[in-house]
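Enquirer: One structure coming up, written as structure tokens, with questions to follow.
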Amino acid sequence: MARTKLAAGNWKMNKTPAEAAALMKELAQKAGNAANDVLVCPPFVCLDAVLEAAKGTKIMVGAQNMYFEDKGAFTGEVAPGMLREMGVTHVIIGHSERREYFGETDETVNKKVLKAIEYGLCPVICCGETLAQRQDGITIEWIRMQIKKAMKDVTADQAKALVIAYEPIWAIGTGMTATNEQANEVCAAIRVLIVELYGADVANEIRILYGGSVNAGNSKDLFACSDIDGGLVGGASLKADDFTVIANS
Ligand code: PGA
């Protein structure tokens, strides 16, 4: 079975609710019937407006983070059940910015992955190496470790439906895209790991995205690579025309 490509937009800390609604309305018109599966992940406070504007289109809506407890005294956090009730279907977990600025660890990533699954949310698990790690030649080893820890106690059935995003940290927001070969090599290595952990069936179904300066000019070639099943897109997802090109790549 061929895997459907997924174009996922990570809006990061951009757009007020009114701005988000306007962008989503434009996207709904332009990318509402795109060839690829399409996901947008706005800030929490914009989810309501974006979900409303996405109605009747094929565009799915995700969150950029969540907490790993059901509810309780965790000031400032958002629980998976809250997201689920709104109609959110996906949640980005372990983005490198969260790991770098907000103390996210492989352990919290794993807890969030398991909790998201428990609530029927599809985790988009992020991994990626620094430039120093790449130069030291330990990229694959590092990524394997991150994914193994993120997916601890995830069953084969659950793993099938997951999304993994390989995002080299040196390529995020820098305009320095990994070459097609570099991106595909790591995505293929992740798939080999999934074969080892869960078998070939799961590895054939799980979607592995590339992220890091994906844009309207490079998405077609990146998505044509054997092991790249789409992209997690930051900057270019904030422009409806650019993201529409990516959604059809
Ligand atoms: P970028 O961000 O496309 O702006 O490089 C990608 C990401 O961080 O998900």
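Enquirer: Taking the stretch 154-179, which residues are in a helix (DSSP H, G or I), within 16 Å of the ligand (Cβ to nearest atom), open to solvent by 40 Å² or more (accessible area, probe 1.4 Å) and free of Cβ contacts under 8 Å to residues at least 60 places away in the same chain?
Expert: Within the stretch 154-179, no residue meets the criteria.
Enquirer: Within the set of pairs 6 or more residues apart or between chains, which connect a residue that is among the polar types (S, T, N, Q) inside the stretch 81-103 to a residue that is within 14 Å of the ligand (Cβ to nearest atom) with Cβ atoms less than 6 Å apart?
Expert: If the second residue must be within 14 Å of the ligand (Cβ to nearest atom), the pairs left are S96/G128; S96/I169.
Enquirer: Sticking with this structure for a sec: If you go through the stretch 6-27, how many residues are within 16 Å of the ligand (Cβ to nearest atom) and among the charged types (D, E, K, R)?
Expert: 2
Enquirer: Could you grab me the full set of residues in the stretch 102-134 that are over 16 Å from F68 (Cβ atoms) and β-branched (V, I, T)?
Expert: T130
Enquirer: Are any residues in the stretch 138-153 crowded, with 20+ Cβ neighbours inside 10 Å and assigned to a loop (DSSP other than H, G, I, E, B), and if so, which ones?
Expert: Of everything in the stretch 138-153, just one residue is crowded, with 20+ Cβ neighbours inside 10 Å and assigned to a loop (DSSP other than H, G, I, E, B), namely M151.
Enquirer: Here's a follow-up. State the number of residues belonging to the stretch 193-213 that are touching a helix residue (DSSP H, G or I) at 6+ places or on another chain (Cβ under 8 Å) and open to solvent by 10 Å² or more (accessible area, probe 1.4 Å).
Expert: 7
Enquirer: Could you list, in sequence order, all residues of the stretch 79-115 that are open to solvent by 60 Å² or more (accessible area, probe 1.4 Å), within 16 Å of the ligand (Cβ to nearest atom) and among the hydrophobic types (A, V, I, L, M, F, W, C)?
Expert: Answer for the stretch 79-115, where residues must be open to solvent by 60 Å² or more (accessible area, probe 1.4 Å), within 16 Å of the ligand (Cβ to nearest atom) and among the hydrophobic types (A, V, I, L, M, F, W, C): just F102.
Enquirer: If C126 passes every condition in (1) more than 25 Å from E100 (Cβ to Cβ); (2) in contact with a strand residue (DSSP E or B) (Cβ under 7 Å, 6 or more places away or on another chain) but one, which one does it miss?
Expert: Going through (1) more than 25 Å from E100 (Cβ to Cβ); (2) in contact with a strand residue (DSSP E or B) (Cβ under 7 Å, 6 or more places away or on another chain) one by one, C126 breaks only (1).
Enquirer: Tally time: how many residues in the stretch 24-81 are small (G, A, S), farther than 18 Å from L238 by Cβ and part of a loop (DSSP other than H, G, I, E, B)?
Expert: 6
Enquirer: Out of the residues in the stretch 232-244 that are outside any helix (DSSP H, G or I) and buried (at least 20 other Cβ atoms within 10 Å of the Cβ), which is nearest to the ligand (Cβ to nearest atom)?
Expert: Selected residue: G234.
Enquirer: Could you count how many residues in the stretch 219-228 are touching a helix residue (DSSP H, G or I) at 6+ places or on another chain (Cβ under 8 Å) and buried (at least 20 other Cβ atoms within 10 Å of the Cβ)?
Expert: Result for the stretch 219-228: 3.
Enquirer: If you take the residues in the stretch 193-231 that are more than 15 Å from the ligand (Cβ to nearest atom) and hydroxyl-bearing (S, T, Y), which one is farthest from the chain's Cα centre (by Cα)?
Expert: Here the residue is Y198.
The values are calculated or read from the model by the stated rules, or taken from the named source; none is laboratory data. Remember, predicted model here, so these are calculated numbers, not experimental data. A quick note on method: Cβ atoms are made from the backbone with ideal geometry, for glycine too, and the neighbour counts reach across all protein chains shown. These accessible areas exclude ligands, DNA and RNA; they are computed on the full protein's heavy atoms, side chains included. Shrake-Rupley method; radii C 1.70, N 1.55, O 1.52, S 1.80 Å.
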